[in-house]
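Engineer: Input: one structure, supplied below.
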């Protein structure tokens, strides 16, 4: 009988190993609405802070005109990531905006509020 061939302990493959992703939600997970964000990136870290603006209107005359003295900008969450993750997030967002624009959607158009 012939001896069985020995298999190498590690075989090179064309595809690098990719682990399976399992998506879970943190017990603290929540969905929030935001009006905007600000942030920064440097060689060590990227940061994005998301906020929601809140108006506090008041009636200023008998005709029902309204005004507000201030806008409260409530910081909702600050995210921190590596500079490479910051770049990947930028590219992901850019791809989605390009798809939206390709649909003929003008995301910068003024909405008609008279109807």
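The values are calculated or read from the model by the stated rules, or taken from the named source; none is laboratory data. As the structure is a computational prediction, the values presented were derived from the model and not from experiment. Don't worry about glycine lacking a Cβ; one is built from the backbone with ideal geometry, like all the others, and counts go over all protein chains shown.
Engineer: Residues 24, 13: which one is assigned to a loop (DSSP other than H, G, I, E, B), out of contact with any strand residue (DSSP E or B) (no Cβ under 6 Å at 6 or more places or on another chain) and modelled with pLDDT of 90 or more?
Structural biologist: 24
Engineer: Something else: When you scan the range 99-106, do you find a residue that is assigned to a loop (DSSP other than H, G, I, E, B) and surrounded by 12 or more Cβ atoms within 10 Å (Cβ to Cβ), even just one? First the steps, then the outcome.
Structural biologist: Restricting attention to the range 99-106, the residues satisfying the condition of being assigned to a loop (DSSP other than H, G, I, E, B) are 103-106.
Still in the running and surrounded by 12 or more Cβ atoms within 10 Å (Cβ to Cβ): none.
The answer is no, given that none of the residues of the range 99-106 is assigned to a loop (DSSP other than H, G, I, E, B) and surrounded by 12 or more Cβ atoms within 10 Å (Cβ to Cβ).
Engineer: Right, next: Taking the stated definitions as given, is residue 115 at pLDDT below 85 and either part of a helix (DSSP H, G or I) or surrounded by 10 or more Cβ atoms within 10 Å (Cβ to Cβ) (or both)?
Structural biologist: Details: at pLDDT below 85: yes; either part of a helix (DSSP H, G or I) or surrounded by 10 or more Cβ atoms within 10 Å (Cβ to Cβ) (or both): no.
The answer is no for residue 115.
Engineer: Quick test for you: out of 68, 79, 95, pick the one residue that is under 23 Å from residue 107 (Cα atoms) and not in a loop (DSSP other than H, G, I, E, B). Talk me through it step by step, then tell me what you get.
Structural biologist: Numbers: 68 fails: under 23 Å from residue 107 (Cα atoms); 79 fails: under 23 Å from residue 107 (Cα atoms).
Answer to the check: 95.
Engineer: List pairs: first residue in the range 36-50 and more than 18 Å from residue 73 (Cα to Cα), second residue modelled with pLDDT of 95 or more and part of a loop (DSSP other than H, G, I, E, B) anywhere in the structure, Cβ distance under 9 angstrom, at least six positions apart or on different chains.
Structural biologist: Once the first residue is more than 18 Å from residue 73 (Cα to Cα) and sits in the range 36-50, its partners that are modelled with pLDDT of 95 or more and part of a loop (DSSP other than H, G, I, E, B) give 44/82; 45/82; 46/82.
Engineer: How do the pairs read when you match residues in the range 87-115 that are farther than 16 Å from residue 37 by Cβ with residues anywhere that are surrounded by fewer than 10 Cβ atoms within 10 Å (Cβ to Cβ) and at pLDDT below 95, using Cβ under 7 Å and keeping only pairs 6 or more apart or on different chains?
Structural biologist: Once the first residue is farther than 16 Å from residue 37 by Cβ and sits in the range 87-115, its partners that are surrounded by fewer than 10 Cβ atoms within 10 Å (Cβ to Cβ) and at pLDDT below 95 give 100/107.
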